[in-house]
Amino acid sequence: MLILAILLFLAAVVCGLFLLTAILQDRPINITVRNLHAVFAALGLLIIIAHMLAFATGKSTLLAVSLIFLIVAALGGLSMVALAKKGKALPKKAVLVHPIIALAGLIALVIYVLP
């Protein structure tokens, strides 16, 4: 179950790289790629939440930390979408911090899943 979440997050990373390069080069972003990025990440989050609810154990601190990082990254992503819909320029720092936080969550998830 969590392997699927990792694969979805990796797909979100690939889409995110396309978005990141477009934003940093001041080019318009591809809406389809943006939507795929959001869907992949949201599905990954839902799988982690479902896993935690179904198999809740006291030993899943690293999984909880991963989820917190990924939720913070998702909130940052939603904030950037809201700014873009208002026609405001995205702050470059936010565009750079978002993937760092998300990657920290993904790395924590991978470490949790590895035996």
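If the condition is being without any contact (Cβ under 8 Å) to a residue 60 or more places away in the chain and not in a helix (DSSP H, G or I), then region 89-115 contributes ALA89, PRO91, LEU114, PRO115. When the residues of region 8-50 are filtered to those that are crowded, with 18+ Cβ neighbours inside 10 Å and among the small types (Gly, Ala, Ser), the one that is farthest from VAL81 (Cα to Cα) is GLY44.
All of the numbers you see were taken from the coordinates with simple rules; none came from a lab. Since this is a predicted model, take the numbers as computed values, not measurements. All Cβ positions, even for glycine, are placed from backbone atoms using ideal geometry, and neighbour counts span all protein chains on display.
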